[in-house]
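Down below is the structure, laid out as structure tokens.
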Amino acid sequence: MVNAAEAYKQQQLMNAPPEQLTLMLYNGCLRFIEDGIQAIENNNFEDANVNLQKAQRIISEFRLTLNMDYEIAHQLLPLYNYVYDRLVEGNIKSSVEPVKIAQEIITELRDAWVGAMRKARIERGQGKGGQGYA
């Protein structure tokens, strides 16, 4: 049986607009990266592997869903490839340095995404100051 919290999360996912789902993926990726860093620092390499692989899967999803008809996609693809490679490197070497590089890049991309969401909401005249999902 699904508990109330799980049901609520499922409902959020089912009703979220695509831009909100992207933000959720960025935030999830950052959470898995942070958990991976903590696990490496605690010499818990099994947990580090699990969390960094989850982050890698999110980056893979970003790469696979890029619409290459847009110029921004051609700029994001090498960046996502670089982040993915840093996550793999950190996981293989059990080193936080490359993982922190990936974390910084994903944080910047997430923050830029939030800014774009706010700008789009303002342009559509939704919410005060474009506030809402972002």
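The values are calculated or read from the model by the stated rules, or taken from the named source; none is laboratory data. Keep in mind that what you see is a predicted model, and the values were worked out from it rather than measured. We place every Cβ from the backbone using ideal geometry, glycine too, and count neighbours over all the protein chains shown.
Could you tell me whether Arg31 is buried (at least 17 other Cβ atoms within 10 Å of the Cβ), at pLDDT 95 or above and either on the phi > 0 side of the Ramachandran plot or in a helix (DSSP H, G or I) (or both)?
No: the conditions fail for Arg31.
Among the listed residues Ala55, Ala73, which satisfies the condition of being surrounded by fewer than 15 Cβ atoms within 10 Å (Cβ to Cβ) and under 17 Å from the mean Cα position of the chain (by Cα)?
Ala73
I'd like the full set of residues that are free of Cβ contacts under 8 Å to residues at least 12 places away in the same chain and more than 26 Å from Ala55 (Cβ to Cβ), limited to the stretch 96-128.
Hits for the stretch 96-128 are Lys119, Ile122, Glu123, Arg124, Gly125, Gln126, Gly127, Lys128.
For the stretch 37-52, give me each residue that is on the phi < 0 side of the Ramachandran plot and over 20 Å from the mean Cα position of the chain (by Cα).
The answer is Glu41, Asn42, Asn44, Phe45, Glu46.
For the stretch 90-100, indicate whether the set of residues that are closer than 17 Å to Tyr26 by Cα and over 13 Å from the mean Cα position of the chain (by Cα) is non-empty.
Yes: one or more hits.
Applying the selection to the stretch 101-134, what residues are modelled with pLDDT of 80 or more and of a type in the set (A, V, I, L, M, F, W, C)?
Once the filter is applied, which keeps residues that are modelled with pLDDT of 80 or more and of a type in the set (A, V, I, L, M, F, W, C), the stretch 101-134 yields Ile101, Ala102, Ile105, Ile106, Leu109, Ala112, Trp113, Val114, Ala116, Met117, Ala120, Ile122.
Against the conditions (1) at pLDDT 95 or above; (2) closer than 26 Å to Gln11 by Cα, where does Ala39 fall short? Just the number, please.
(2)
Going by what's in this entry, would Gln53 be described as without any contact (Cβ under 8 Å) to a residue 12 or more places away in the chain, polar (S, T, N, Q) and farther than 13 Å from Leu109 by Cα?
no
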